[in-house]
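*Asks:* Pasting a structure here, questions to come.
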Amino acid sequence: MKQTKQSNWIKWRWPILIILLLGLYFTPLPYYYSQPGDALVLDDVISVDGASEEAGGSFMLTTIRMGKANPIFYAWAQFSPYRILHPESQLRFEDETDEEYQHRQLMMMTDSQEVAKIVAYEQANKEISYDYFGVLVTVLIEGMPAIEVLEQGDRIQQVNGESIRTADELIDRLTGYEKGDNVTLTIEREGELMEVTVGFSHFPEEMNAPSDRVGIGIQAPVTDREVTFNPDVHIDTSQIGGPSAGLMFSLEIYDQLTDGNLTKGYLVAGTGTIREDGTVGRIGGAAQKVVAADRAGADYFLAPFEDGADDSNYNEAVLAAEDIGTDMEIIPINRFEEAIEFLESL
């Protein structure tokens with residue numbers, strides 16, 4: 001009898017084990033899982049018409065691999081500081097579908113590409129023409145004042161009677177207010193202009209905003225415009241979402257627009273958002289991107305310095321570089337011009 005039971009166990013143990021593993025794999029948890037991704041050579045995905053090819057060196061965009069966590073990934077994340085779990089509420093809006101989340105990421109990437117082009121073309125003194133249509137409302141935050149008076153698809157034209165053209169201008173105009181203050185927005189909705197009054201409040205706790213920060217409740221506004229570049233530039237990053245490639249996009253485009261080889265034969269990786277005034281901004285996952293850049297053999301890694309903030313991406317990147325023992329040098333960058341100056345000094 002014992003032998004029969006043992007034989008049955010031996011016969012069925014692998015199917016049972018496979019079923020258990022499949023059950024764990026397909027059990028979703030309220031977390032996302034991220035780890036170091038790849039370092040993408042940018043001259044493979046960016047091309048400026050008429051640009052000459054320079055031998056040696058490359059700019060590289062560093063990425064993070066992210067997906068929905070299951071019990072297997074949850075457990076695996078406990079064994080490395082570079083595998084990170086993110087509560088779903090920090091990344092996704094309430095009731096947001098996978099398709100809506102991906103669309104939002106790609107919209108941010110598209111906006112980031114456009115700003116990167118503008119920064120590079122202006123720095124290189126190349127021709128740009130603009131047609132502005134307002135600042136597009138894409139995401140409204142639940143529980144904040146804007147959701148009561150604005151709708152997705154509204155185009156904001158003015159703040160307190162003063163015209164705005166870009167999302168950066170809108171953010172600047174809405175900075176410095178306190179809870180309980182109000183502003184008047186002139187918006188275009190379905191072809192008609194109207195004025196709405198909107199207040200300020202603190203951000204929901206799950207957004208992890210500074211406790212003293214207030215806003216009206218618009219997230220990821222997009223500058224709605226048509227921009228024409230001469231010479232033309234093409235970017236193929238259909239599988240990459242988010243805005244964190246702005247700095248590296250700008251550098252690659254600038255390098256192709258100007259004479260010489262800005263990388264001087266080195267592999268230069270990095271990360272950071274970029275604003276139209278050239279300011280390089282904070283991103284998520286700097287440590288993971290350092291690991292990705294090191295695996296790709298990068299010589300330098302450019303990281304947002306954030307005016308020397310203690311918790312800057314630069315300091316995060318330095319700690320990661322020391323931890324993994326890389327020879328790659330971490331370079332602090334506040335502005336696009338600083339990156340150019342550093343590269344020209346190589």
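The values are calculated or read from the model by the stated rules, or taken from the named source; none is laboratory data. The structure presented is a predicted model; accordingly, all values stated were derived computationally and were not measured. Methodologically, a virtual Cβ is constructed for each residue, glycine included, from the backbone with ideal geometry; neighbour enumeration extends over all protein chains shown. Heads up: the accessible areas ignore ligands, DNA and RNA and are worked out on the full protein's heavy atoms, side chains in. Shrake-Rupley method; radii C 1.70, N 1.55, O 1.52, S 1.80 Å.
*Asks:* Which of the following residues is part of a helix (DSSP H, G or I) and open to solvent by 50 Å² or more (accessible area, probe 1.4 Å): Gln113, Gln158, Gln90? It would help to see each step written out before you state the result.
*Replies:* On the way: Gln113 fails: open to solvent by 50 Å² or more (accessible area, probe 1.4 Å); Gln158 fails: part of a helix (DSSP H, G or I).
Checking each option against the conditions leaves just Gln90.
*Asks:* So, one more: Quick one: what pairs do we get from the range 42-70, first residue within 18 Å of Phe249 (Cα to Cα) and in a loop (DSSP other than H, G, I, E, B), second among the hydrophobic types (A, V, I, L, M, F, W, C) and modelled with pLDDT under 90, C-beta under 7 Å, 6+ apart or different chains?
*Replies:* Val45/Ile235
*Asks:* So if I check each of Gly308, Gly285, Gly297, Gly325, which one is surrounded by 19 or more Cβ atoms within 10 Å (Cβ to Cβ), at positive phi and not aromatic (Phe, Trp, Tyr)? Walk me through it before giving the result.
*Replies:* Values: Gly308 fails: surrounded by 19 or more Cβ atoms within 10 Å (Cβ to Cβ); Gly297 fails: surrounded by 19 or more Cβ atoms within 10 Å (Cβ to Cβ); Gly325 fails: surrounded by 19 or more Cβ atoms within 10 Å (Cβ to Cβ).
From the options Gly308, Gly285, Gly297, Gly325, the qualifying one is Gly285.
*Asks:* Kindly evaluate Ala339 against the criterion of being assigned to a helix (DSSP H, G or I), within 26 Å of Asp172 (Cα to Cα) and of a type in the set (A, V, I, L, M, F, W, C).
*Replies:* On the way: assigned to a helix (DSSP H, G or I): yes; within 26 Å of Asp172 (Cα to Cα): yes; of a type in the set (A, V, I, L, M, F, W, C): yes.
Yes, satisfied.
*Asks:* Moving on to the next point. State which residue is surrounded by the fewest Cβ atoms within 10 Å (Cβ to Cβ) when the search covers only the range 191-205 and only residues that are under 30 Å from the mean Cα position of the chain (by Cα) and outside any strand (DSSP E or B).
*Replies:* Filtering first and then ranking leaves Glu205.
*Asks:* Go through the range 1-48 residue by residue and tally those that are more than 30 Å from Phe59 (Cα to Cα) and either among the hydrophobic types (A, V, I, L, M, F, W, C) or at pLDDT 70 or above (or both).
*Replies:* First, pick out the residues of the range 1-48 that are more than 30 Å from Phe59 (Cα to Cα): 1-31.
After this cut, where a residue has to be either among the hydrophobic types (A, V, I, L, M, F, W, C) or at pLDDT 70 or above (or both) as well, the list is 1, 9-10, 12, 14-22, 24, 26-31.
Of the residues in that region, 20 qualify.
*Asks:* Look at the range 61-76 and say how many of its residues are of a type in the set (Ser, Thr, Tyr) and open to solvent by 50 Å² or more (accessible area, probe 1.4 Å). Don't jump to the end; show me each part of the working.
*Replies:* Here is the first cut: in the range 61-76, the residues of a type in the set (Ser, Thr, Tyr) are 62-63, 74.
Still in the list and also open to solvent by 50 Å² or more (accessible area, probe 1.4 Å): 74.
Final tally of qualifying residues: 1.
*Asks:* Given the structure, is Gln239 modelled with pLDDT under 85 and either open to solvent by 30 Å² or more (accessible area, probe 1.4 Å) or charged (D, E, K, R) (or both)? Give the derivation first.
*Replies:* On the way: modelled with pLDDT under 85: yes; either open to solvent by 30 Å² or more (accessible area, probe 1.4 Å) or charged (D, E, K, R) (or both): yes.
Yes: the conditions hold for Gln239.
*Asks:* Would you mind finding the one in Leu319, Leu346 that is surrounded by fewer than 17 Cβ atoms within 10 Å (Cβ to Cβ) and in a loop (DSSP other than H, G, I, E, B)? Give the derivation first.
*Replies:* Numbers: Leu319 fails: in a loop (DSSP other than H, G, I, E, B).
Matching residue, one of Leu319, Leu346: Leu346.
Here's the yes/no breakdown for (1) of a type in the set (A, V, I, L, M, F, W, C); (2) closer than 30 Å to Glu252 by Cα; (3) over 17 Å from the mean Cα position of the chain (by Cα); (4) surrounded by fewer than 19 Cβ atoms within 10 Å (Cβ to Cβ):
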position	(1), (2), (3), (4)
Met107	yes, yes, no, yes
Ser129	no, yes, yes, yes
Tyr132	no, yes, yes, yes
Gly143	no, no, yes, yes
Glu162	no, no, yes, yes
Asn182	no, no, yes, yes
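*Asks:* Condition first: of a type in the set (Gly, Ala, Ser), assigned to a helix (DSSP H, G or I) and under 30 Å from Ser163 (Cβ atoms). Can you find one or more residues in the range 250-271 that meet it?
*Replies:* Initial filter on the range 250-271 (of a type in the set (Gly, Ala, Ser)): 250, 260, 265, 269-270.
Filter once more, so that each one left must be assigned to a helix (DSSP H, G or I): 250.
Pick out the ones that are also under 30 Å from Ser163 (Cβ atoms) and you get 250.
So far as the range 250-271 goes, yes, one or more of its residues are of a type in the set (Gly, Ala, Ser), assigned to a helix (DSSP H, G or I) and under 30 Å from Ser163 (Cβ atoms).
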